[in-house]
Each structure stands twice: as C-alpha cells, then as structure tokens.
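A.B. asks: Quick one: structure below, then a few questions.
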Amino acid sequence: MATIIDGKELAKKIRTNLKVECDELKAKGINPKLAVIMVGDNPASKVYVRNKSKACDEIGIEYEEFLLDENITQQELNDLIKKLNDEKEVNGILLQSPLPNHLNINQAFKTISYRKDVDGFTPSSVGKLAIGEDTFISCTPHGVIKMLEEYNIDVEGKEVVILGRSNIVGRPLIQCCLAKNATVTVCHSKTKNIEKHTKRADILISAIGKAKFVTKDMVKEGAVVIDVGINRTEEGKLVGDVDFENVEKVASYITPVPGGVGPMTVAMLMNNVIKAAIEQNNEKSTF
C-alpha cells in the first residue's frame, strides 16, 4: 500500500513558518498585503476566494477584495490592476479566474506588475521560470514540488509523466521538473496510447480534470502518483483524476483528493505574497 502524501498537514506546517516570517516583517513596519480581484458571481470562485482570505487572516497578511460587476469592461479591469500596481502597500495582486467571456484574461495578466504577480501567470514570470531565473512560480506546480521535496522523493534522473498542458499547471510543472533534472513527458488530449507513457512513469502527475481517469493498470508498480484533479461525481462527491482506492495498491506514494495538492496551492500563494513583500522592501527571508 502506498504512503499517503498529506498535503493538508504540510500546508499547515508551511503556514506556521510563514506566520513567523510575517510577524518579523511587521516588527520592521512591513505589512504584507494581498489584493484579490473577482469579476462576476461564480460560486466556485467565491469558495476559493474565501479560502484565500482565511489563510491570509491566519498568517497575518492584510487582505483586500475587489468584487467587480460581470459586465465590467476590459479597460475598467485593466485600470484597476494598474491602480493596484501603483499602490506601494499592496504587495501581491491575484486575479481570480474564470472571467466572463467578454474579458481577455491574458491581457489582464499582462497588466499585472511582475513584482506583484503572486500567481506566477504574467509573461515575465513564465519566461523567467523557463530559463531558470528566480521568479514567482504558479502556486499549484510549486505546491507539487514542495510535496515531493518534503517526502524526500528525488526527481533527478526520473521519468516524470504529466497529464495535462494547461498554462496554470501542466506547462509550469514541465519547467519545475526539468529544473530538477527529470526526464519529462507531457500527455494531452491528442496523445495516442497514453497508457504506454503512464506505465513508464516513475512519477505520474495528473492534471486533466477527468474523474478517476488514471486506473491501476495505467500505473507502474512503485510509482509516485500526484493527483491535481478536482472533480465531482454525480452524487456530489469530490474525487481526483486518479482511481485512488485501486491505484493506492500499486503506487509507492500517492496524494488524496481532497487533502492533497489543494491545500498546498493556497499555502504557496501565501508563500508568494511574503516573498513579494520581502523583495519589494529589500529584506532577506529567514526561511
């Protein structure tokens, strides 16, 4: 049976450390602050935003929410972002997705200052990650890497297979794994014979959003399985991309859903806000 990678417990440990660092910054007169922009009334987005607000409160990060009408224009959205770029007391800017269809999210991301890009989505952050420079790393991929590090799972020289090529998870994960000298294969909707690739993986990371897509016969004995997927069954149960109950029998390590990658995403967002505050005030991290 596989060892369960407890993302919830690791996220708690990270938040505890961040609170210490946040308190030290405040003692120097630096008050880390996150500004979150949400457009429209998406129920799922409300849940995510609430979780981020709670995490900020726990750590001591100031939090300000901007709830915008779903009919807002691109210019109005961009103008708000520019205003927050100029506000010295705001260290991080997060634009909650999805946006209404008439808005161009990539254009909005390009408007966010790279110094405040705590989601790691601006072209500057993406480019720096690709060439190996220090930057803000997208929170979910960053969380996955932290989990592997915490459980002493060495990536160097390993066959890493990633299911999914989104800008939010799959693509940044490629760069993160390459930076650790892994051999990376990316599978997507056009990949033929996916099982051929997944069976070769020492580390299999699924981020495709298909409930229980990864089955036991797709996984090599002893592989590490990281499940980034969040799906709901017809009964309303939260499940991942991986058939956990059966894959657990062949994997060496596996993440659960919920309680795996999800809590780490929020923890790494908090990490990026503290990182932004430190860099903008020319301080040094104590961690």
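The values are calculated or read from the model by the stated rules, or taken from the named source; none is laboratory data. A quick note: this is a predicted structure, and the numbers were derived from the prediction, not measured. Cβ: placed from backbone, ideal geometry, glycine included. Neighbour counts: every protein chain shown.
A.B. asks: Just to verify a result, which residue in the range 53-69, among those that are among the acidic types (D, E) and exposed (fewer than 14 other Cβ atoms within 10 Å of the Cβ), is nearest to the chain's Cα centre (by Cα)?
C.D. replies: By that ranking, first place goes to D57.
A.B. asks: Also: Report the residue count in the range 26-48 for those that are farther than 19 Å from M270 by Cβ and in a strand (DSSP E or B).
C.D. replies: Of the residues in the range 26-48, 1 are farther than 19 Å from M270 by Cβ and in a strand (DSSP E or B).
A.B. asks: In addition: Quick one: V49 ticks every box in (1) of a type outside the set (S, T, N, Q); (2) in contact with a helix residue (DSSP H, G or I) (Cβ under 9 Å, 6 or more places away or on another chain); (3) surrounded by 18 or more Cβ atoms within 10 Å (Cβ to Cβ) bar one, so which box is it?
C.D. replies: It fails just one condition, (2).
A.B. asks: Can you report the number of residues in the range 80-99 which are assigned to a loop (DSSP other than H, G, I, E, B) and small (G, A, S)?
C.D. replies: Summing the residues that are assigned to a loop (DSSP other than H, G, I, E, B) and small (G, A, S) in the range 80-99 gives 1.
A.B. asks: Given the residues V184, V225, V214, V242, which is the only one that is closer than 24 Å to D119 by Cα and among the aliphatic types (A, V, I, L, M)?
C.D. replies: Answer to the check: V184.
A.B. asks: Now for a different question. Please enumerate the residues belonging to the range 133-166 that are of a type in the set (K, R) and under 16 Å from the mean Cα position of the chain (by Cα).
C.D. replies: Residues satisfying the conditions are K146, R165.
A.B. asks: From the residues in the range 32-44 that are closer than 9 Å to N91 by Cβ and of a type outside the set (G, A, S), which one is surrounded by the fewest Cβ atoms within 10 Å (Cβ to Cβ)?
C.D. replies: K33
A.B. asks: Can you name the number of the only condition in (1) in a helix (DSSP H, G or I); (2) under 19 Å from S206 (Cα atoms); (3) in contact with a Gly (Cβ under 9 Å, 6 or more places away or on another chain) that V126 fails?
C.D. replies: Unmet for V126, out of (1) in a helix (DSSP H, G or I); (2) under 19 Å from S206 (Cα atoms); (3) in contact with a Gly (Cβ under 9 Å, 6 or more places away or on another chain): (2).
A.B. asks: Follow-up question, since we're still on this one. Filter the range 192-235 for residues that are surrounded by 14 or more Cβ atoms within 10 Å (Cβ to Cβ) and polar (S, T, N, Q); which is modelled with the lowest pLDDT?
C.D. replies: Here the residue is N231.
A.B. asks: Then there is this: Just to be sure I understand the filter: pairs with C-beta atoms under 8 Å, separated by 6 or more residues or on different chains, first member in the range 1-25 and in contact (Cβ under 8 Å) with a residue 60 or more places away in the chain and within 20 Å of V261 (Cβ to Cβ), second member in a helix (DSSP H, G or I) and of a type in the set (K, R). Which pairs pass?
C.D. replies: As it stands, the answer is L10/K146; I14/K146, since those pairs meet every condition given.
A.B. asks: Further question: What number of residues in the range 231-287 are out of contact with any Phe, Trp or Tyr (no Cβ under 7 Å at 6 or more places or on another chain), of a type in the set (F, W, Y) and not in a loop (DSSP other than H, G, I, E, B)?
C.D. replies: Counting residues in the range 231-287 that are out of contact with any Phe, Trp or Tyr (no Cβ under 7 Å at 6 or more places or on another chain), of a type in the set (F, W, Y) and not in a loop (DSSP other than H, G, I, E, B) gives 1.
A.B. asks: Could you list all residues from the range 203-230 that are within 14 Å of the chain's Cα centre (by Cα), assigned to a strand (DSSP E or B) and more than 15 Å from Y151 (Cα to Cα)?
C.D. replies: Result: I205, S206, D227.
A.B. asks: Still on this structure: Can you tell which of G143, G127, G157, G164 is closer than 29 Å to S97 by Cα, in contact with a strand residue (DSSP E or B) (Cβ under 8 Å, 6 or more places away or on another chain) and small (G, A, S)?
C.D. replies: Testing whether each residue is closer than 29 Å to S97 by Cα, in contact with a strand residue (DSSP E or B) (Cβ under 8 Å, 6 or more places away or on another chain) and small (G, A, S) leaves just G164.
A.B. asks: For the range 129-159, name all the residues that are part of a loop (DSSP other than H, G, I, E, B) and among the small types (G, A, S).
C.D. replies: G132, S138, G157
A.B. asks: Checking the conditions here, which among N31, N71 is modelled with pLDDT of 95 or more and farther than 29 Å from E279 by Cα?
C.D. replies: Being modelled with pLDDT of 95 or more and farther than 29 Å from E279 by Cα holds for just one of N31, N71, which is N71.
A.B. asks: Give the number of residues within the range 118-131 that are in contact (Cβ under 8 Å) with a residue 40 or more places away in the chain and closer than 18 Å to M268 by Cα.
C.D. replies: Residues that pass the stated criteria total 6.
A.B. asks: Return the residues of the range 168-202 that are in a helix (DSSP H, G or I) and within 18 Å of V155 (Cα to Cα); say none if nothing qualifies.
C.D. replies: G170, R171, P172, L173, I174, Q175, C176, C177, L178, A179, H197, T198
A.B. asks: Just the residues that are out of contact with any Ser or Thr (no Cβ under 9 Å at 6 or more places or on another chain), touching a residue at least 60 places away in the same chain (Cβ under 8 Å) and buried (at least 19 other Cβ atoms within 10 Å of the Cβ), please, taken from the range 86-115.
C.D. replies: Result: N91, G92, L94, L99.
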